[in-house]
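Engineer: Below are the structure tokens for one structure; questions will follow.
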Amino acid sequence: MGQPEKDHRGVVDTATMEIVVAALFFAFAAVVMFDSYRLGAAWGSDGPEPGYFPFYTGLIIAIASVVLLVQGVRLCRQPRAAFVERGQFKDVLVVLLPALGYVLAIEFVGIYLASACYIAVFMVFLGHYTWKRGVTVGVSVGLFAFVLFERWFSIPLPKGFIERALGF
Amino acid sequence: MDELQSLMHGFAVALTLQNVLLMFLGIVLGVLIGVLPGLGGANGIAILLPLTFTMSPTSAIIMLSCIYWGALFGGAITSILFNIPGEPWSVATTFDGHPMAQQGRAGEALTAAFTGSFIGAFFAVVMITFLAPLVAEFALKFGPPEYFAVYLLAFCSFVGMGKGSPWKTIAAMMLGFGLAAVGMDTVTGQLRLTFGSTELLRGVDFLVVVIGLFGIGEILLTMEEGLEFKGRSAKINARVVFQTWAQLPKFWATSLRACLIGCWMGVTPGGATPASFMSYGVAKQISKNGHNFGKGEMEGVVAPETAAHAAGTAALLPMLALGIPGSPTAAVLLGGLLIWGLQPGPLLFVEQKDFVWGLIASMYLGNIVGLIVVLTTVPLFAAILRIPFSIIAPVIIVVCAIGAYTVNNAMLDVWLMMLFGVVGYVFKKLDYPMAPMVLALVLGDRAEDSFRQSMLMSQGSVSILWSNWLVGGISTAALLLLLWPFISALRERRRRVVL
Amino acid sequence: MNNQASSRTPAGTRVPGTWQRRLRIVSSVLGLTGLLASLPLVDSAHAQAWEPTRTVEFIVPAGTGGGADQMARLIQGIIQKNGLMKQPIIVVNKGGGAGAEGFLEIKGAKGDPHKIVITLSNLFTTALSTATFDWTEFTPVTMMALDQFVLWVNAKNNAKTAKEFLEQVRAGGGKMRMGGTGARQEDQIITVSIERATGVKFIYIPFKGGGEVATQLVGGHVDATVNNPIEAVAQWRAGALKPLCVFDDERMPYKARLTESMSWNDVPTCREAGVPTDYVMLRGIFMPGGVTPAQRDYYAGVMRRVRETPEWKKFIEDGAFNPSALEGDAFVKWLTRTKEEHRGLMKEAGWVTK
């Protein structure tokens, strides 16, 4: 794309991200500890119970996340650094969101059609290629994958209505 | 030298025109399988197994084992070029291989990886040729406590490597352990962390996480860094192979260590993945250039690749001699042996001499053929980096999605891959180390299983980890490695005091 | 050789009934039936009957390399080599949650005739312990064989019979180790049955696969195992392990000498040897629920032809399987009875409450 000027304002600063990530770690730890406690987290007569290791794994994450949380809060007092700038963030989203859309599309139309469309759209809108080139590359990758997996290797990948109509 | 005579006989069996052609075919197919993430060696061989039913057992195993070597070689390619490990054992290759590619040294990295692989495999084959019965005997000594000690050793050799915040290292590593615990507990058969979801029964697969963390995460970072839509410069020069070879001899010590680690881990079914991590970790701690590891050091490519290949090859030995597969791929090969009416086990060496020595000879030949094939592809693969990012990026995402899906034939894995892509991006930006996390994920449940099996054996007493010289020795070595940074720091301080 | 086996006919569709016929017509217009006609008909008697119209998925509710996986891949190989099916058949491993993953996929594929599954005892054990599926939700196709279990000890053990060995276990005071595959699965069920029948106590240690279990016994890390014959035969022939008894009500019929002095037939039944326990494991083929009888009969027919091949017969003999093969009502009756037996055993062991 190569815009001449990028927006350098921060979307979110690093300290906030540190705190958010630490909080997510803590949440993960809480879930792990809760489920492990349910299964039994003691040291039984013949060694640890099924929840023993996960429980202490969770406990250690919890401790680490609290420390990281405190460090994150302290970081807030210092001059703030941007975790990601707006221009950068836009570039990342420009790849991430269509990729998520692509995965969603696989669920409905199968992997081959979704891949062909995704590659074509990506090339046309982000790479500024012509539709002709985008569609050519997209369709050839899709077809190649189809022949490779379904025909040669006999690996079934998610399929949609087109493949079904063709009898696969 | 009985073995030499048998080996010569083996060469006579293996060296027919048909078999050599099959070797080439197998290597090419294997490289293809190795390049596609998710379609690992085990899967690939399982899929291609039926192709071989019409061949003679010797031809069939030659072709299948060449697919296996091809896959071992191929795993390095995507690791280096796109930071996507095609196989679990190529994760460690990404650490230095991908930075090299970013610096425009993809050709060197590929050559170093392939040559390292070849050396590792060759070392292991020589060991199989001359020491098979001895080594098989040794592998039998490994029960649950010994396994646990080996996993511990692999782990300890890798810990204490990161430079960042120790709390972040701990959190990331424990996240790996936590994810490894999802699914059914082997020892009691109870479900852990699945919360009633049938999709989570199979657990969180290592490859899915790694494809996300490294592959997708790398694309997001590339976008952010603004490398965007230009193709990367990649110096391509047919002579790169020879120029790289000229540099390789100085890594002889690292290579030798990697060979030994690989053989050891392959025979004691630790496997190629822990071997590659352990070799990387040890090389980083011992090498003079250790502090440069992770920034594109060739030694950091040689170490894991050599060990992975040595382990992958050595893993075939317990399969032939004992009938236990050292890796999932070996397990599928084992199934093949049974279908051809060959019973793996101690008697295979006695009753099926042609077959066994034909196979061993084909290991030599297959690796040489493999090296030639992959080296000729170096310029080709390095040239891929010249394709503009706006074409290669969506193709990489498609390949990642296919790879994540084929691991378990599950859509949930594709979503998980995307999730870990974002996690990888955030972790990288906040300096959470990812290597300890993936190592915990790959070794976590195995280490836990073997620990709990040991505890069942000893009825809850940890002293079983020092119950004989073998397990005691490994456990002690593991603890020493773990404490090594402290010990060296102490020695450093004392030296300063003396001065 | 027989290339037709792997070539595909993209004719037909998933939609049953008139649509199927209409699309057949369309495809014949496209000249694809010419390709169809060039293939040898698999079973001319069934020319009017149902046949798969696309790739068939053969699900293995276990990991790669295990007994079920080996059998499934052998069946796949036999089908391809002999051209027993026109459409390709591919093996898909779904072993998560002790096989629950694979069975749940079959449960969810109600009415889909392009999925079949091979079973092991987890058809009962996993069903009972997770209560997420039941065999009655599937369509039983055929029993392929019954897998035997043998009590193995290390060859260095001086016990000559199962009875002598159990005396050792009793004298050991509950410290002897029994290795087995998985937790709360067939191996542990047998272990508990032995304990109930004889009053001895073992420490049961679960491992991930049968091959690993046998190796642990060779290495002396466990004192006994109940491996399937095929998992331990190589070590037996090499003189590292010895079989004490087989957990079936009759001896195994195979009289070919495997060691200098013994054949499978020389291994006594556990009942003869004074351990009143028996257990066999189902190796059978199932389809999802809600398929038509014609679809079921198609696979039953294919499997019958698989069982007639020399490759299959050799495999059955090498693995010392019990070559029982049931279909239809007899199979259903067997399944009903066996599930109740499992429920009883697992209830006694305290693993299920219902």
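The values are calculated or read from the model by the stated rules, or taken from the named source; none is laboratory data. Note that the coordinates shown come from a computational prediction; the quantities given were computed from them, not determined experimentally. We place every Cβ from the backbone using ideal geometry, glycine too, and count neighbours over all the protein chains shown.
Engineer: List the pairs whose first member sits in the range A:79-90 and is surrounded by 16 or more Cβ atoms within 10 Å (Cβ to Cβ) and β-branched (Val, Ile, Thr), whose second member is at pLDDT 85 or above and not in a strand (DSSP E or B), and whose Cβ atoms are under 8 Å apart, counting only residues at least 6 apart or on separate chains?
Structural biologist: Matching pairs, first to second residue: A:84/A:92; A:84/B:429.
Engineer: Moving to a separate point now. Select from the range C:305-322 the residues that are acidic (Asp, Glu) and under 17 Å from residue C:84 (Cβ atoms) and write down the one among them that is farthest from the other protein chains (Cβ to nearest Cβ).
Structural biologist: Within the range C:305-322, the match that is farthest from the other protein chains (Cβ to nearest Cβ) is C:308.
Engineer: Given the conditions (1) in a helix (DSSP H, G or I); (2) buried (at least 24 other Cβ atoms within 10 Å of the Cβ), report the number of the one that residue C:170 does not fulfil.
Structural biologist: With respect to (1) in a helix (DSSP H, G or I); (2) buried (at least 24 other Cβ atoms within 10 Å of the Cβ), residue C:170 is out only on (2).
Engineer: Could you check, for the range C:245-259, whether at least one of its residues is touching a residue at least 12 places away in the same chain (Cβ under 8 Å), more than 27 Å from residue C:164 (Cβ to Cβ), crowded, with 19+ Cβ neighbours inside 10 Å and of a type outside the set (Asp, Glu)?
Structural biologist: No; the residues of the range C:245-259 include none that is touching a residue at least 12 places away in the same chain (Cβ under 8 Å), more than 27 Å from residue C:164 (Cβ to Cβ), crowded, with 19+ Cβ neighbours inside 10 Å and of a type outside the set (Asp, Glu).
Engineer: For residue A:44, only one of the following conditions fails: (1) within 10 Å of chain B (Cβ to nearest Cβ); (2) touching an Asp or Glu at 6+ places or on another chain (Cβ under 8 Å); (3) under 27 Å from residue B:457 (Cα atoms). What is its number?
Structural biologist: (2)
Engineer: Looking at the range C:228-237, is at least one residue in the same structural domain as residue C:187 (by TED's automatic domain parsing) and under 17 Å from residue B:144 (Cα atoms)?
Structural biologist: Checked the range C:228-237: no residue is in the same structural domain as residue C:187 (by TED's automatic domain parsing) and under 17 Å from residue B:144 (Cα atoms).
Engineer: Restricting to the range B:408-439, give me the number of residues that are within 11 Å of chain A (Cβ to nearest Cβ) and in a helix (DSSP H, G or I).
Structural biologist: 17
Engineer: For the range B:191-201, give me each residue that is surrounded by 16 or more Cβ atoms within 10 Å (Cβ to Cβ) and either more than 9 Å from chain C (Cβ to nearest Cβ) or of a type outside the set (D, E, K, R) (or both).
Structural biologist: Within the range B:191-201, B:191, B:192, B:193, B:194, B:198, B:200, B:201 meet the criteria.
Engineer: Right, something else. Would you check if there is a residue in the range C:124-131 being aromatic (Phe, Trp, Tyr) and outside the structural domain of residue C:222 (by TED's automatic domain parsing)?
Structural biologist: Scanning the range C:124-131, I find at least one residue that is aromatic (Phe, Trp, Tyr) and outside the structural domain of residue C:222 (by TED's automatic domain parsing), so the answer is yes.
Engineer: When both residues are 6+ apart or on different chains and their Cβ atoms are under 6 Å apart, which pairs have a first residue that lies in the range B:285-306 and is of a type in the set (Lys, Arg), and a second that is at pLDDT 85 or above?
Structural biologist: Taking only residues 6 or more apart or on different chains, the pairs are B:295/B:99.
Yes/no per residue for (1) under 17 Å from residue B:444 (Cβ atoms); (2) assigned to a loop (DSSP other than H, G, I, E, B); (3) aliphatic (A, V, I, L, M); (4) at pLDDT below 95:
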| site | (1), (2), (3), (4) |
| --- | --- |
| A:5 | no, yes, no, yes |
| A:12 | no, no, yes, yes |
| A:19 | no, no, yes, yes |
| A:37 | no, no, no, yes |
| A:41 | yes, yes, yes, yes |
| A:50 | yes, yes, no, yes |
| A:54 | yes, no, no, yes |
| A:57 | yes, no, no, yes |
| A:60 | yes, no, yes, yes |
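Engineer: Across the range C:180-207, what is the total count of residues that are over 20 Å from the mean Cα position of the chain (by Cα) and within 13 Å of chain B (Cβ to nearest Cβ)?
Structural biologist: Number of matching residues: 5.
Engineer: Identify, from the list B:336, B:296, the residue that is in a helix (DSSP H, G or I), of a type in the set (Gly, Ala, Ser) and modelled with pLDDT of 70 or more.
Structural biologist: Result: B:336 is the single residue among B:336, B:296 that is in a helix (DSSP H, G or I), of a type in the set (Gly, Ala, Ser) and modelled with pLDDT of 70 or more.
Engineer: What do you reckon, is residue B:475 closer than 20 Å to residue B:268 by Cα, of a type in the set (Gly, Ala, Ser) and more than 10 Å from chain A (Cβ to nearest Cβ)?
Structural biologist: Criteria met by residue B:475.
Engineer: Determine, yes or no, whether residue A:155 is at negative phi, assigned to a helix (DSSP H, G or I), surrounded by 15 or more Cβ atoms within 10 Å (Cβ to Cβ) and facing chain B (nearest Cβ under 10 Å).
Structural biologist: Criteria not met by residue A:155.
Engineer: Let me ask something additional. Which one of these is of a type in the set (D, E, K, R) and either facing chain B (nearest Cβ under 7 Å) or under 30 Å from residue A:161 (Cβ atoms) (or both): A:18, A:49?
Structural biologist: Only one candidate passes the filter, namely A:18.
Engineer: Still on this model: So for the range B:104-118 (the condition being within 30 Å of residue A:70 (Cβ to Cβ) and in contact with a Gly (Cβ under 7 Å, 6 or more places away or on another chain)), does at least one residue qualify?
Structural biologist: Looking for residues that are within 30 Å of residue A:70 (Cβ to Cβ) and in contact with a Gly (Cβ under 7 Å, 6 or more places away or on another chain), one finds none in the range B:104-118, hence no.
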